[in-house]
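A short write-up of the structure that comes next.
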Amino acid sequence: MAALNPGKPTEPRSKRLSIQVVTWNVASAAPPLDLSDLLQLNKDNLNLDMYVIGLQEMNCGIMSLLSDTAFEDPWSSFFMDVLSPLSFVKVSSVRMQGLLLLFFAKHHHLPFVQILSTKSTPTGLFGYWGNKGGVNICMKLYGYYISIINCHLPPHMANNDQRLEHFDRILEMQNFEEQDIPNILDHDLILWFGDMNFRIEDFGLHFVRESIKNRCYSDLWEKDQLSIAKRHDPLLRQFQEGPLLFPPTYKFDKNSNNYDTSEKKRKPAWTDRILWRLKRQPQANPNQRLPVPHFCLSLRSYVSHMMYCISDHKPVTSTFDLELKPLVSVPPITLMPEGLWTMENDMLISYSLTPDFLSSPWDWIGLYKVGLRHINDYVSYVWVGDNQVSFSNGLIQVYFNTRDIPETEDQFLLCYYSNNLHSVVGISKPFKIQPSSFLAEDPLSEAQPHI
């Protein structure tokens, strides 16, 4: 009936977003040559939309930190090198000493991702040192609140109470009152992962290793400290986890698949975990018909990757399908390159904005090659306030000087960056900029957008 009634707005269709979550304690190692298995690049039909990557124990020596401050750290650069040719853009990142959290998304999702906050919560020495703790990215994704937390909790069997205290403290510190963001427990989704350092209680080293050798994990699950804590802690119980059908991911001899053969011979444990929590929906009143937002998460896989041996930990990944009915289905800005773009003329860009979008003189439009690594990876940019030339019929036009852009066969994109929202709010379709000789070769051709 909605299709037959032009006066009734159609509801946005549900979306399914596939998200790959990675957690890995890399023990100060450099990236290996190939991470295809970790990133699921060897699966043709996966069609991922986003990557959430959390690393622990990155090299955080003085020289390394100074270098990483001036340049991209080696791990971030590696992931961007691999993912940008596949149209993934690094949307946000946050680092605290050895903890790194990265969020990548396919570029067509950018106008619907608003980064609200990034935060670091140190819980190390005296509660102030950042070798332990958590890092968080808080965002709105198609209008829904999502928090992502990468953590590194205290080690050793006897420190379980301390681990649980740090878990609670990290959660309590994720408050956003000054930014008018709901409490984290009111967010639609929390993804929490990292080296949580929970151990296997009671059983001796020989029993644990024999159980792993025979793939008899059920007895070990019963004595896993995180599983025990979830049975007694109501808040922790709200966090879900997939079945542990893979061998414990710690502790291995480096460059091997052998569990610890040093004098200490540490007992294997599932230290590296991925949890999630969906916001509880209010109970429906049978006398009221309130629209319930469609938002659900399903786990497709939860695995370890034994082939990587650079660390004493094995990486763990989860692949999720997030189904949602967008609360925001139209980008705040619609960008349209005007006419035929060539290297020798100033070009016009037209754009329109939604009625509720608040623009700023400090908004800017960036010109990017397709395959951009991050939002600052522009070829050129213009301030919309300085370069505006006209405004009529709801369309704003700005001019763009392309004379300094090197000639290339690459395709380009335009992105509108909002200073108020600190996010991309509009993106164009890919287009080409023709070389200077193009019009000379065909002077009678009509000037049409080459998109």
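The values are calculated or read from the model by the stated rules, or taken from the named source; none is laboratory data. This is a predicted model, so every value here is computed, not measured. Heads up, the Cβs are rebuilt from the backbone with ideal geometry, glycines too, and the neighbour counts pull from every protein chain shown. Protein only, heavy atoms only, side chains kept; ligands, DNA and RNA dropped before computing areas. Shrake-Rupley method; radii C 1.70, N 1.55, O 1.52, S 1.80 Å.
Below is a table of values for the structure above.
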read-out	value
The stretch 77-100, residues that are of a type in the set (S, T, N, Q) and assigned to a strand (DSSP E or B)	S92, S93
Residue within the stretch 363-381 that is aromatic (F, W, Y), under 18 Å from T334 (Cβ atoms) and either surrounded by fewer than 11 Cβ atoms within 10 Å (Cβ to Cβ) or in contact with a Leu (Cβ under 9 Å, 6 or more places away or on another chain) (or both) present	yes
Odd one out for E178, checked against (1) modelled with pLDDT of 95 or more; (2) over 13 Å from the mean Cα position of the chain (by Cα)	(1)
Condition check for S84: within 20 Å of N175 (Cα to Cα) and at pLDDT 95 or above	no
Criterion violated by Q174 - all others in (1) at negative phi; (2) open to solvent by 40 Å² or more (accessible area, probe 1.4 Å) satisfied	(2)
Looking only at the stretch 403-442, and only at residues there that are hydroxyl-bearing (S, T, Y) and modelled with pLDDT under 85, the one that is farthest from T118 (Cα to Cα)	S437
Set Y250, Y259: member being farther than 30 Å from Y144 by Cβ, in contact (Cβ under 8 Å) with a residue 60 or more places away in the chain, surrounded by 14 or more Cβ atoms within 10 Å (Cβ to Cβ) and within 32 Å of the chain's Cα centre (by Cα)	Y250
Output for the stretch 213-247, where each listed residue is open to solvent by less than 80 Å² (accessible area, probe 1.4 Å), assigned to a loop (DSSP other than H, G, I, E, B) and more than 21 Å from T319 (Cα to Cα)	C216, Y217, K223, D233
Index of the failed condition, P355 passing every other in (1) under 27 Å from F88 (Cβ atoms); (2) of a type outside the set (V, I, T); (3) not in a strand (DSSP E or B)	(1)
Residue, farthest from L55 (Cα to Cα), within the stretch 191-212, restricted to residues that are part of a helix (DSSP H, G or I) and among the hydrophobic types (A, V, I, L, M, F, W, C)	F207
In the stretch 309-329, the residues that are part of a loop (DSSP other than H, G, I, E, B) and under 11 Å from K254 (Cβ atoms)	C309, I310, S311, D312
Meets criteria (at pLDDT 95 or above, of a type in the set (S, T, Y), crowded, with 19+ Cβ neighbours inside 10 Å and more than 24 Å from S301 (Cβ to Cβ)) for S92	yes
Residue check for L110: more than 26 Å from L41 (Cα to Cα), assigned by the TED database to the domain that holds P154 and touching a residue at least 40 places away in the same chain (Cβ under 8 Å)	no
Failed criterion for H166 (all others in (1) open to solvent by less than 40 Å² (accessible area, probe 1.4 Å); (2) closer than 28 Å to S18 by Cβ; (3) within 25 Å of the chain's Cα centre (by Cα) hold)	(2)
Tally of residues being modelled with pLDDT under 80, touching a strand residue (DSSP E or B) at 6+ places or on another chain (Cβ under 8 Å) and open to solvent by 50 Å² or more (accessible area, probe 1.4 Å) across the stretch 390-402	0
